[in-house]
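Participant: Shown below is the structure under consideration.
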Amino acid sequence: MARNSRFDTRISESELDDYRYRYYRELQNGSVRVKISDTTFRCPYCPSKDDRDYRCRELLQHASRVGRDSGSGDVKEKARHLALMKYLDKYLDTKQSPASTKDTESSTANDADGHFVWPWVGIIANIPVQRIDGRYVGESGTKIKEYLAAQGFNPSRVNPLWNHRGHSGFAIVEFDKDWPGFTNAIAFDKAFEADHRGKRDWKTAKRLGDKLYGWVAREDDYRSKSIFGEHLSKSWDLKTVEEIQAEDKRKTTKLVSNLTNVIEVKTMRLKEIESKYAETSISLSNVMLQKDAMHQAFNEEITKIQQQARDHFEKISLEHAKSTMQLEAQKKELEKREKELEKRKAQNESERRKIYNEKKMNMKATIEQKKADENVLRLAEDQRREKENLHKRIIELERKLDAKQALELEIERMRGALQVMKHMGENGDMDMKIKMDEIQEELKEKEEELDDLEALNQALVVKERKSNDELQEARKELISYFKGRSGRAFIAVKQMGDLDTKPFQKAMKRKYSEEEANEKALEWCSLWEQNLTDSSWHPFKVITDKGNCKEIIDEEDERLKDLQNEYGDEVYMAVTDALKEMNEYNPSGRYVVSELWNFKEGRKATLREGVEDILKQWRLHKRKRT
């Protein structure tokens, strides 16, 4: 309790010193007026009591009396009058002695002269101690440091000095090693000296009391035989300000030299990097040029290939036109021959039948050619779709057709030869007539063989249609079987052209409440299902892709554009997907159809895959039963 009360007293004294210094600075700066005339003075801190004028010594006595008699509660009032007393004592020369003036001037002149303890160190003396259990104890270094920091001296560390009896009453105050630390040390020294608690006051005082004394450690402190002298000589050095400045200058010069060397090394490194960068840039430019050249060569090659494809297509078109012209020429030739035969009124029924059949076949070929010209785009797409399923049958039919055509050509050749022989046989050559009879017999055999091939071809076509019907019936049975299966299975039934309602629900929830959104979604789904089945609405256009014609969605269609602008891309994609499926699987009917679907690969499932899936489920069910 005694220790705490003493420390509280020192704290109040520290606060009093702070206020006194602040008011003293106000008087010193002239912001507070004291002097009225050369002989008249007035107290600036007692204006409310009276406007009494004082002489200089009377005002000094007034300030001394108020500063001494003020209670501990009115710290500011006491600090003001103590500051006024110090101001009158120093600047108006009412109480200052010549000896003290001389000491002050000499100490100011010698602030930066002589040897200082390095790093900068201050000494605190007369720290209150008390004896407890045979040993002296005092305040800790932390509390003293806080007290000095509050005064603005910014010590870095405070070390109390101890001996065999305990706390010695002294402490070493360490400051930073830089010049701001030196400034704090000098301010520390001057503050204690201004309050008559400096080194000289500590040495000359007959009675120290309980006030702290402090000063900056110099050469005499370093070499003294006291406890702080022994401590300083062990851990610190003596240096003048000039030596410290010279050492700092030497360190700075060395630092500048090192930095210069580092800068030179960095500069060389930078030049090397710039050189490498230039090389890399040149290499990159070359690579880019090579890339551009390769790209140009690629474009030229692509252009060349496209040109070749166009030339090939033009060649095929020319050949097609040439074939058409040849057919027309043959038609005209046959018509001419028919007129000649009519003129001659040939009675041979066989000849007339032959000419009629040739004319009919020619007309049929012409009609088929015109149909091929009109439907070439549609047939090309149908051929692509049916190519895989009908490949084997086409090969077989082509083989039979080649044989048939070869036979037809042979028959035509023989008929031509027979015609020529008939014209020649009119002259009555007997050998020619015999040869003509042989050719007619052979022609009859060939025609019978052609009829057999026709019958065989028709039988194959009927058989193929029957097989195809059986396959379609089997596919319908599989679709009927798989209709009840979940969509998560690999093989199941998919409704082609069915409209997905989820995007409509999401779009409506962004515009309406939960209940209203569901109703609006159902309403719009029903509307667009009707639009999908409307056969008069055909939002498709035909394009040519790499020589193949195909139908795609017409993005400029007004209905689709309005739908996308109002409800977004998800609803638009749901409608267009349903349109594509309906156009692919049921373009004429425009209604939803069931299809066997491979959901794992996203394509139409084959009959084999459907049967294998059924067998797999059967085996699994059989294994469970077992």
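Participant: From the set of residues in region 37-81 that are over 16 Å from TYR19 (Cβ atoms), open to solvent by 30 Å² or more (accessible area, probe 1.4 Å) and modelled with pLDDT of 80 or more, which is farthest from the chain's Cα centre (by Cα)?
Facilitator: The residue in question is THR40.
Participant: Please name all residue pairs, on different chains or six or more residues apart, with Cβ atoms under 8 Å, provided the first residue is in region 249-260 and is closer than 17 Å to ASP178 by Cβ and at pLDDT 85 or above and the second residue is open to solvent by less than 80 Å² (accessible area, probe 1.4 Å) and part of a helix (DSSP H, G or I).
Facilitator: none
Participant: Hey, among LEU270, LEU255, LEU289, LEU232, which residue is surrounded by 10 or more Cβ atoms within 10 Å (Cβ to Cβ), in contact with a helix residue (DSSP H, G or I) (Cβ under 7 Å, 6 or more places away or on another chain) and of a type in the set (A, V, I, L, M)?
Facilitator: Working: LEU270 fails: in contact with a helix residue (DSSP H, G or I) (Cβ under 7 Å, 6 or more places away or on another chain); LEU255 fails: in contact with a helix residue (DSSP H, G or I) (Cβ under 7 Å, 6 or more places away or on another chain); LEU289 fails: in contact with a helix residue (DSSP H, G or I) (Cβ under 7 Å, 6 or more places away or on another chain).
Selected residue: LEU232, the only one of LEU270, LEU255, LEU289, LEU232 that is surrounded by 10 or more Cβ atoms within 10 Å (Cβ to Cβ), in contact with a helix residue (DSSP H, G or I) (Cβ under 7 Å, 6 or more places away or on another chain) and of a type in the set (A, V, I, L, M).
Participant: Modelled with pLDDT of 85 or more and among the small types (Gly, Ala, Ser): which single residue out of SER235, SER226, SER275 fits that description? I'd like the intermediate steps shown before the answer.
Facilitator: On the way: SER235 fails: modelled with pLDDT of 85 or more; SER226 fails: modelled with pLDDT of 85 or more.
One residue alone meets the criteria, SER275.
Participant: Give region 543-571 a look and list any residue that's hydrophobic (A, V, I, L, M, F, W, C) and at pLDDT 80 or above, or say none.
Facilitator: So in region 543-571, the residues hydrophobic (A, V, I, L, M, F, W, C) come out as 543, 549, 552-553, 560, 563, 571.
Within region 543-571, ILE543, ILE552, ILE553, LEU560, LEU563, VAL571 meet the criteria.
Participant: I need the full set of residues from region 129-155 which are in a helix (DSSP H, G or I), of a type in the set (A, V, I, L, M, F, W, C), without any contact (Cβ under 8 Å) to a residue 60 or more places away in the chain and open to solvent by 40 Å² or more (accessible area, probe 1.4 Å), in order please.
Facilitator: Listed by number, the list holds a single entry, ALA149.
Participant: A further question on this structure: Please go through region 242-252 and pick out each residue that is open to solvent by less than 100 Å² (accessible area, probe 1.4 Å) and either farther than 30 Å from PHE116 by Cα or not β-branched (Val, Ile, Thr) (or both).
Facilitator: If the condition is that a residue be open to solvent by less than 100 Å² (accessible area, probe 1.4 Å) and either farther than 30 Å from PHE116 by Cα or not β-branched (Val, Ile, Thr) (or both), then GLU243, GLN245, ALA246, GLU247, ASP248 are the ones that fit.
Participant: Something else now. Working carefully through the options ASN126, ASN163, find the one that is in contact (Cβ under 8 Å) with a residue 40 or more places away in the chain and on the phi < 0 side of the Ramachandran plot.
Facilitator: Just a single option satisfies the conditions, and that option is ASN163.
Participant: Of everything in region 163-178 that's over 25 Å from TYR136 (Cα atoms) and open to solvent by 30 Å² or more (accessible area, probe 1.4 Å), which residue is modelled with the highest pLDDT?
Facilitator: Ranking the qualifying residues of region 163-178, first place goes to ASP176.
Participant: Right, something else. Please work out which residue is farthest from ASP18 (Cα to Cα), limiting yourself to region 195-215 and to residues that are assigned to a loop (DSSP other than H, G, I, E, B) and open to solvent by 50 Å² or more (accessible area, probe 1.4 Å). Let's see the steps before the verdict.
Facilitator: Applying the first criterion (assigned to a loop (DSSP other than H, G, I, E, B)) to region 195-215 yields 195-198, 205-212.
Now drop any that are not open to solvent by 50 Å² or more (accessible area, probe 1.4 Å), which leaves 196, 206-211.
Numbers: HIS196: 16, LYS206: 27, ARG207: 24, LEU208: 22, GLY209: 20, ASP210: 18, LYS211: 15 Å.
Only one residue tops the list, namely LYS206.
Participant: Residues of region 1-32 being at pLDDT below 65 and surrounded by fewer than 16 Cβ atoms within 10 Å (Cβ to Cβ), which ones?
Facilitator: Kept after step one, since they are at pLDDT below 65, are these residues of region 1-32: 1-12.
Scanning region 1-32 gives MET1, ALA2, ARG3, ASN4, SER5, ARG6, PHE7, ASP8, THR9, ILE11, SER12.
Participant: Out of curiosity, is GLY589 at pLDDT below 80 and exposed (fewer than 12 other Cβ atoms within 10 Å of the Cβ)?
Facilitator: Values: at pLDDT below 80: yes; exposed (fewer than 12 other Cβ atoms within 10 Å of the Cβ): no.
When the stated conditions are applied, GLY589 does not pass them.
Participant: Against the conditions (1) under 15 Å from LEU232 (Cβ atoms); (2) open to solvent by less than 40 Å² (accessible area, probe 1.4 Å); (3) under 54 Å from the mean Cα position of the chain (by Cα), where does GLY181 fall short? Just the number, please.
Facilitator: Unmet condition: (1).
Participant: Restricting to region 227-246, count the residues that are in contact (Cβ under 8 Å) with a residue 24 or more places away in the chain and either touching a Phe, Trp or Tyr at 6+ places or on another chain (Cβ under 8 Å) or more than 18 Å from VAL158 (Cα to Cα) (or both). Write out each step before concluding.
Facilitator: The initial filter retains those residues of region 227-246 that are in contact (Cβ under 8 Å) with a residue 24 or more places away in the chain, namely 227-228, 231-232, 236-241, 244.
Checking which are either touching a Phe, Trp or Tyr at 6+ places or on another chain (Cβ under 8 Å) or more than 18 Å from VAL158 (Cα to Cα) (or both) leaves us with 227-228, 232, 236-241, 244.
Residues in region 227-246 being in contact (Cβ under 8 Å) with a residue 24 or more places away in the chain and either touching a Phe, Trp or Tyr at 6+ places or on another chain (Cβ under 8 Å) or more than 18 Å from VAL158 (Cα to Cα) (or both): 10 in total.
Participant: Now a separate question. Determine which single condition VAL158 fails, assuming it passes every other condition in (1) outside any strand (DSSP E or B); (2) within 60 Å of the chain's Cα centre (by Cα).
Facilitator: The one condition VAL158 does not meet is (1).
Participant: Evaluate region 462-480: report whether one residue or more is over 19 Å from TRP597 (Cβ atoms), touching a residue at least 40 places away in the same chain (Cβ under 8 Å) and surrounded by 13 or more Cβ atoms within 10 Å (Cβ to Cβ).
Facilitator: yes
Participant: Enumerate the pairs (first residue in region 323-349 and in a helix (DSSP H, G or I) and modelled with pLDDT of 75 or more; second residue anywhere and open to solvent by less than 80 Å² (accessible area, probe 1.4 Å) and hydroxyl-bearing (Ser, Thr, Tyr)) with beta-carbon separation below 8 Å, excluding pairs fewer than 6 apart on the same chain, so at least 6 apart or on different chains.
Facilitator: That search, which allows pairs on different chains as well, returns LEU327/THR366; GLU328/THR366; LYS331/THR366.
Table: residues versus (1) in contact with a Cys (Cβ under 8 Å, 6 or more places away or on another chain); (2) surrounded by 14 or more Cβ atoms within 10 Å (Cβ to Cβ); (3) farther than 30 Å from VAL611 by Cβ.
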| residue | (1), (2), (3) |
| --- | --- |
| ASP500 | no, yes, no |
| LYS511 | no, no, yes |
| GLN530 | no, no, yes |
| ASP534 | no, no, yes |
| VAL542 | yes, no, yes |
| LYS546 | no, no, yes |
| GLU558 | no, no, yes |
| MET573 | no, no, yes |
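Yes/no matrix, rows are residues, columns are (1) acidic (Asp, Glu); (2) more than 30 Å from ASP545 (Cα to Cα); (3) not in a helix (DSSP H, G or I):
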position: ASN258; (1), (2), (3): no, yes, no
position: LYS271; (1), (2), (3): no, yes, no
position: TYR277; (1), (2), (3): no, yes, no
position: ILE282; (1), (2), (3): no, yes, no
position: ASN286; (1), (2), (3): no, yes, no
position: LEU289; (1), (2), (3): no, yes, no
position: ASP292; (1), (2), (3): yes, no, no
position: ASN299; (1), (2), (3): no, no, no
position: GLN307; (1), (2), (3): no, no, no
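The values are calculated or read from the model by the stated rules, or taken from the named source; none is laboratory data. Fair warning: this is a prediction, and the values are worked out from it, not measured in the lab. Every residue, glycine as well, gets a Cβ built from its backbone with ideal geometry; the counts of neighbours run over all protein chains shown. Areas reflect the complete protein model, heavy atoms only, side chains present, ligands, DNA and RNA absent. Shrake-Rupley method; radii C 1.70, N 1.55, O 1.52, S 1.80 Å.
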